[in-house]
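Chemist: Please find one structure pasted underneath; my questions will follow.
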């Protein structure tokens, strides 16, 4: 695994994240593509996929669990994937949804999996597209020329823990509070006590 020596962070607020999800959904609607099923890449793609499935009226929603990024900006050599036994995309037009394509390896591997399961046509959709990715999504909202660590609101505790641990300075909770202040995050939906308890859980799990 490899660790970034320094990180530039882009925080996306809840309001902005939900707006991006609906903007993505509208782009897909306007394309007039007829999808039979949606595959969400977990965990980042869960909320965007749910909103897209609602907007498109698609009830056939599957979740593929994938991990490529670890704690503190580390990455695995290849994406770790867990494919549900219930996945049924044979002869179907499938839309893959994730929050971002970074290296593009997770998306490419997901496409490979769906092809093996007999998917007829596969298209991809993300909120953010980083130009270093080896794949360009068929649908995306924001294009990022410069690499940044995108801090989505649905990964609040995990990202704060990762950033705090990467700094390796003193108490994780106090460091997390400093990060919240530095990034000017004003929409934290949980109490300080709840945040502290969550970060302690991360420490105990040895993540």
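The values are calculated or read from the model by the stated rules, or taken from the named source; none is laboratory data. The structure presented is a predicted model; accordingly, all values stated were derived computationally and were not measured. We place every Cβ from the backbone using ideal geometry, glycine too, and count neighbours over all the protein chains shown.
Chemist: Testing residue 65 on (1) at pLDDT below 95; (2) within 22 Å of residue 202 (Cβ to Cβ); (3) in a helix (DSSP H, G or I), one condition comes back false. Which one is that?
Modeler: Unmet for residue 65, out of (1) at pLDDT below 95; (2) within 22 Å of residue 202 (Cβ to Cβ); (3) in a helix (DSSP H, G or I): (3).
Chemist: Of the residues that make up segment 142-154, is at least one under 15 Å from the mean Cα position of the chain (by Cα) and part of a helix (DSSP H, G or I)?
Modeler: The answer is yes; a qualifying residue exists.
Chemist: May I pose another question? Conditions first: (1) within 22 Å of residue 45 (Cβ to Cβ); (2) surrounded by fewer than 18 Cβ atoms within 10 Å (Cβ to Cβ). Residue 146 passes all but one, so which condition is the exception?
Modeler: (1)
Chemist: Next question, about the same structure. Where residues in segment 121-139 are touching a helix residue (DSSP H, G or I) at 6+ places or on another chain (Cβ under 7 Å) and buried (at least 19 other Cβ atoms within 10 Å of the Cβ), which of them is nearest to residue 194 (Cα to Cα)? Reasoning before the result, please.
Modeler: So the first thing to find is which residues in segment 121-139 are touching a helix residue (DSSP H, G or I) at 6+ places or on another chain (Cβ under 7 Å), and the list is 122, 124-125, 127, 134-135, 139.
Narrowing further to those that are buried (at least 19 other Cβ atoms within 10 Å of the Cβ): 122, 124-125, 127, 139.
Details: 122: 41, 124: 36, 125: 33, 127: 28, 139: 36 Å.
Residue satisfying both the conditions and the ranking: 127.
Chemist: Could you say which residue among 95, 46 is in contact with a strand residue (DSSP E or B) (Cβ under 8 Å, 6 or more places away or on another chain), modelled with pLDDT of 95 or more, crowded, with 16+ Cβ neighbours inside 10 Å and over 19 Å from residue 135 (Cβ atoms)?
Modeler: Values: 95 fails: over 19 Å from residue 135 (Cβ atoms).
Going through 95, 46 in turn, the sole match is 46.
Chemist: Does residue 186 meet the test of being over 20 Å from the mean Cα position of the chain (by Cα) and within 29 Å of residue 26 (Cβ to Cβ)?
Modeler: Values: over 20 Å from the mean Cα position of the chain (by Cα): yes; within 29 Å of residue 26 (Cβ to Cβ): yes.
In short, yes.
Chemist: Just to check your reading of the model, which residue among 104, 118 is surrounded by 15 or more Cβ atoms within 10 Å (Cβ to Cβ) and at positive phi?
Modeler: Numbers: 118 fails: surrounded by 15 or more Cβ atoms within 10 Å (Cβ to Cβ).
Exactly one of 104, 118 is surrounded by 15 or more Cβ atoms within 10 Å (Cβ to Cβ) and at positive phi, namely 104.
Chemist: Here's something else I'd like to know. Restricting the search to segment 159-176, which residues are buried (at least 16 other Cβ atoms within 10 Å of the Cβ) and either closer than 15 Å to residue 104 by Cα or free of Cβ contacts under 8 Å to residues at least 60 places away in the same chain (or both)? Before the answer, list the steps.
Modeler: In the first step, residues of segment 159-176 are kept if they are buried (at least 16 other Cβ atoms within 10 Å of the Cβ); the result is 159-166, 172-173, 175-176.
If the condition is that a residue be buried (at least 16 other Cβ atoms within 10 Å of the Cβ) and either closer than 15 Å to residue 104 by Cα or free of Cβ contacts under 8 Å to residues at least 60 places away in the same chain (or both), then 159, 160, 164, 172, 173, 175, 176 are the ones that fit.
Chemist: What number of residues within segment 95-123 are part of a helix (DSSP H, G or I) and touching a residue at least 12 places away in the same chain (Cβ under 8 Å)?
Modeler: From segment 95-123, those part of a helix (DSSP H, G or I) are 105-116; that's our starting set.
Filter once more, so that each one left must be touching a residue at least 12 places away in the same chain (Cβ under 8 Å): 105-111, 113-114.
The number of residues fulfilling the criteria is 9.
Chemist: Any residue at all in segment 177-191 that is without any contact (Cβ under 8 Å) to a residue 40 or more places away in the chain, in contact with a strand residue (DSSP E or B) (Cβ under 7 Å, 6 or more places away or on another chain) and either within 24 Å of residue 98 (Cβ to Cβ) or assigned to a strand (DSSP E or B) (or both)?
Modeler: Looking through segment 177-191, none of the residues is without any contact (Cβ under 8 Å) to a residue 40 or more places away in the chain, in contact with a strand residue (DSSP E or B) (Cβ under 7 Å, 6 or more places away or on another chain) and either within 24 Å of residue 98 (Cβ to Cβ) or assigned to a strand (DSSP E or B) (or both).
Chemist: Hey, can you tell me all the residues within segment 16-32 that are touching a helix residue (DSSP H, G or I) at 6+ places or on another chain (Cβ under 9 Å) and in contact (Cβ under 8 Å) with a residue 12 or more places away in the chain? Give the derivation first.
Modeler: Step one: filter segment 16-32 for residues touching a helix residue (DSSP H, G or I) at 6+ places or on another chain (Cβ under 9 Å), giving 16-18, 20-22, 24-26, 28-29.
Scanning segment 16-32 gives 17, 18, 20, 21, 22, 24, 25, 26, 28, 29.
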